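K.L.:
Please find one structure pasted underneath; my questions will follow.
The values are calculated or read from the model by the stated rules, or taken from the named source; none is laboratory data. Since we're looking at a predicted model, the values are computed, not measured. What goes into the accessible areas is simple: the full protein's heavy atoms, side chains included, and nothing from ligands, DNA or RNA. Shrake-Rupley method; radii C 1.70, N 1.55, O 1.52, S 1.80 Å.
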Amino acid sequence: MSLLAISGHSGQGLEFSRKTSDITVMAQADPHMHVHANRPCSPQDVDDFLEQAEALAVRKGQRLTKIRRKVLRLLLESQEPSKAYDLLANLDGEGSAKPPTVYRALDFLQEVGLAHKIESLNAYVACGHASHKHSAVFLICDECGGAEELHAISTTDALKAETEAAGFHMRHAVIEVRGVCRACAG
């Protein structure tokens, strides 16, 4: 079941087919279904998405190197937000990977819109809709540690309007909401 959506986006870049409404579906979702990471925003076909990610990097004048690709694959396949050292441990001999290598790969993935960092968890998740700019809103469960990305479009629009009114040019925002998920509350 998909909980999140790409709202009305079409055109260039990465897209995937699971489209639903914003917060309404979350409120009606099966309370026993639990999403540990950003899974609703992850594409269904990881290999196809990696090809699209590579094309996106090329369009931005960058390269999806072997290490960057592997880190992105690990994020896409993870059931929960991943810490850099966990990613490093799972690189399976990809070159002589050291912590700075993983952090550079994560910085690149964030820069091109393929990953988000959840600051309070010091962990990362893949983002399967890099084709448009958006602010990430994460719902983080204090009980199980799960994190889910919410497309809070009106919240993002309001935040952008308020920051502009303050004379501040917002590049991006990551909002973290702590509480109890529907699975743990049920």
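K.L.:
Which value results for Rg/Rh of segment 81-125 when Rg is the Cα radius of gyration and Rh the Kirkwood radius based on the inverse mean 1/r? Walk me through the intermediate numbers first.
P.N.:
Values: Rg = 10.3 Å, Rh = 10.7 Å.
Using Cα coordinates only, the ratio equals 0.96.
K.L.:
Roll a 1.4 Å probe over the protein chains and send me the accessible area per residue for segment 65-167 in Å². Let's see the in-between values first.
P.N.:
On the way: 4910 Å² over 103 residues.
With all protein chains present, segment 65-167 gives 48 Å² per residue.
K.L.:
What figure in square angstrom, to the nearest 10, would you give for the accessible area of C184 with a 1.4 Å probe?
P.N.:
60 Å²
K.L.:
What order do K66, K160 take when sorted by accessible area (1.4 Å probe), most exposed first?
P.N.:
Working: K66 150, K160 95 Å².
So, going from the largest accessible area down, we get K66, K160.
K.L.:
So what's Rg/Rh here for segment 99-186, counting alpha carbon atoms and using the Kirkwood radius for Rh? Walk me through the numbers on the way to the answer.
P.N.:
On the way: Rg = 14.4 Å, Rh = 14.3 Å.
Taking Rg over the Kirkwood Rh, I get 1.01.
K.L.:
K70: which aspartates and glutamates have alpha carbons under 19 Å from its alpha carbon, excluding same-chain residues fewer than 8 sequence positions away?
P.N.:
D45, D47, D48, E51, E54, E80, D86, D92, E94, D107, E111
K.L.:
Give me the Kirkwood hydrodynamic radius of segment 53-102, using the inverse of the mean 1/r over all pairs of distinct Cα atoms, in Å to one decimal.
P.N.:
Working: mean 1/r = 0.0867 Å⁻¹.
In segment 53-102 this quantity evaluates to 11.5 Å.
K.L.:
Among the listed pairs K60/K83; K83/K117; K60/K98; K66/K98, give every one whose C-alpha distance is greater than 21 Å. Walk me through the numbers on the way to the answer.
P.N.:
Numbers: K60/K83 26 Å; K83/K117 9 Å; K60/K98 26 Å; K66/K98 14 Å.
Over 21 Å Cα-Cα: K60/K83; K60/K98.
K.L.:
Among bridges DSSP assigns within segment 63-186, what percent are antiparallel (round to 5)? Walk me through the numbers on the way to the answer.
P.N.:
Numbers: 9 of 15 bridges.
The antiparallel proportion sits near 60 percent.
K.L.:
A further question follows. In what order, largest first, do R59, R68, R171 sit by accessible area if the probe radius is 1.4 Å?
P.N.:
Numbers: R59 135, R68 55, R171 210 Å².
Listed by decreasing accessible area, they come as R171, R59, R68.
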